[in-house]
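Inspection log for the structure reproduced underneath, given as structure tokens.
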Amino acid sequence: MAQEFITPRQAALIGQTAGRILLGGATADPVAVVHAVAAEPYLWQGKTLTGAFIPGVNERDYAAVGHDTMVEAIFATKGLRGDGRVKHLPLHYSAFWERLGRPGMVDLVYMTIPPPAMDGTFGYGLTCDFIPAVLAAGAKVVGIVNPNMPDLPRGLRIPRDRFAALTEYDAPLPELGTGAADAESIAIADHVISLLRPGDTLQMGLGKLPGVILSRLAAAGLHDLAYHGGMVTPDIVDAAPLFPRGITSGTALGDAAFYACVARLPGLRLAPVGVTHAHAVLAAIPSLVAVNSVLEIDLTGQMNGEVVSGRQISGQGGLVDFVRGARASAGGRSIVVLPATASGGTKSRILSQLAAGTPVSIARGDADIVVTEYGVAHLREASLAERAERLTEIAAPQFRDALGRGPA
């Protein structure tokens, strides 16, 4: 039972007997312990580190932490696109949850948590995605208590005696920037909003588009909405009254101002991936509308959301979990969005065919609704010829003639 706080270095020493170590992602990143090992790499030798390291947030080269370190990751961040020390796992969130939840798969977890509540228990703070699966499987856990981490009033709790050790670290939480709205994203957001109906449950992925949609929802006159997704960002604060049926998410990511008020957000509940991404849960939600982005799509409906010019820049994430969950939902819809062009308008993101070797993140059989700034293409149950015609209609005008000839 953890009674006294130990130093981050002492906490790192606990990892010497572990084989595979899960590092909390997003705001749960155990920065204090990672810094301690980075300063003395031989504290960890021959370890395998794993986690859902979020692009734009957890950008460290974790393979450089410790000596002879291997990393297993489901996202390719800027720090994890290197040599053979990084193993990319092409797993959906639901599959990664199942993997981590197998007894013996993970020996030890490091996670950043808020200070304890009055009853002595600890909350998960703003990241409740994969760690509950690992704890249920019996792994040891070390908590890094950060006074800047909010303790949300609703959600799972961890008893103090569940921790092998506790340490302290006072530092700003990792932040996520989403970028400013532009004419392109506003046009896409307005098309998406036109597809929503009162009573829908909304899910949205990463990027600046969710914020644009949330900022423009109120003007659409929608009501009686709910939110069920993997992440919420700062724009959910002003939009919260639009979701009287509740807001369920696995993580909350934003800036310091967001972190200062998120615990008071009405209706917000953080839940693990076993709830947020489970197919049975998603399929049982009436009118679930999943809004996610990809990088490119071909005229058959195959979509790539991970690779640019042959380079892995992201991962599967929860994309297909939500695509399939929304399609299985009664009245549900899967909406995939992308700008019509890339490289300053010189390249079409709608292609006759995906380039050879490009991973298919979303299979054509899962395609439903596709949106660009030029309009909406309904692909569910459409023939290949109909798909090609509808996708060509929402491509940038300068590329439509070439696309009109169809796949080679």
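Any read-out appearing in this document is the output of simple, stated calculations on the displayed coordinates, not a laboratory observation. None of the values given here were measured: they were computed from a predicted structure. A quick note on method: Cβ atoms are made from the backbone with ideal geometry, for glycine too, and the neighbour counts reach across all protein chains shown.
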Discussion item. For the ranges 192-198, 107-113, what's the packing order if you count other beta-carbon atoms within 10 Å of each residue, average per peptide, and put the highest first?
Written reply: 107-113, 192-198
Worksheet entry | Distant-in-sequence amide H partners of Leu49 (H built 1.01 Å from N, under 5 Å) | Ile21, Met70, Val71, Glu72
Fill in: Euclidean distance of C-alpha centroids, segment 141-212 and segment 288-342, integer Å
20
Discussion item. I want to check the label-to-label distance for Ala356 and His67. Put each point 7 Å from Cα in the C-beta direction and report it in nm to one decimal.
Written reply: 4.6
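Output the antiparallel fraction of DSSP beta bridges having both residues in segment 183-403, as a percent to the nearest 5.
30
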Worksheet item: In nanometres, what is the gap between the two model label sites at Ala280 and Glu59, each 7 Å from Cα along Cα-to-Cβ?
Response: 4.1
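Work out the FRET efficiency for Phe5 and Lys87 from their Cβ-Cβ distance, taking R0 = 45 Å, and round it to the nearest 0.05.
So the FRET efficiency works out to roughly 0.85.
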Discussion item. Quick check: the angle from helix 319-328's long axis to the longest principal axis of the chain, C-alpha only, nearest 10 degrees?
Written reply: 60
Fill in: Percent antiparallel among DSSP beta bridges (both partners in the chain, rounded to 5)
20
Worksheet item: Name the chymotrypsin sites (Phe, Trp or Tyr not before Pro) in segment 194-277 that are in a loop by DSSP and that have at most 11 other C-beta atoms within 10 Å, would you?
Response: none
Discussion item. Using only DSSP helix segments of four residues or longer, with each worth -39500 (n - 2.57), what per-residue ellipticity at 222 nm results for the chain after dividing by its residue count and rounding to 500?
Written reply: -6000 deg cm²/dmol
Worksheet item: By counting other Cβ atoms within 10 Å of each Cβ, how are Ser383, Ser215, Ser334, Ser293 ranked from fewest to most?
Response: Ser383, Ser215, Ser293, Ser334
Worksheet item: Taking neighbour counts of Cβ atoms within 10 Å as a proxy for exposure, in what order, fewest first, do Leu222, Leu384 appear?
Response: Leu384, Leu222
Discussion item. Expected output is a single nm value to one decimal: the length gained when fully extending between Ala342 and Gln312, i.e. 0.36 nm times separation in residues minus the C-alpha distance. What is it?
Written reply: 9.1 nm
Worksheet entry | Sites Asp401 and Ala328 - FRET efficiency at Förster radius 45 Å, r taken between beta-carbons, to 0.05 | 0.75
Item to complete: Compute the acute angle (0 to 90°) between the alpha-carbon long axis of helix 183-194 and the principal axis of greatest extent of the alpha-carbon atoms of the chain; round to the nearest 10°.
Response: 80
Response to the item:
Packing-ranked peptide list from 30-42, 390-402, highest mean Cβ count within 10 angstrom first, is 30-42, 390-402
Item to complete: At 0.36 nm per residue, minus the direct Cα-Cα distance, what do Ile186 and Thr48 gain on full extension? Give it in nm, one decimal, please.
Response: 45.4 nm
Worksheet item: Could the peptides 357-364, 70-77 be put in order, highest first, of the mean number of other beta-carbon atoms found within 10 Å of their residues?
Response: 70-77, 357-364
Worksheet, complete the sentence: Note, segment 152-159: 3J(HN,Hα) by Karplus (6.51, -1.76, 1.60, θ = phi - 60°), whole Hz, Gly/Pro = x, goes 6, x, 10, x, 6, 10, 10, x
Worksheet item: Once Lys and Arg get +1 and Asp and Glu get -1 on their Cβ, which of Ile188, Thr358, Phe243 lies farthest toward the positive end of the dipole of segment 183-403?
Response: Phe243
Item to complete: Report the extension gain between Asp119 and Ala218 in nm, rounded to one decimal, defined as 0.36 nm multiplied by the number of residues separating them, less their alpha carbon distance.
Response: 31.7 nm
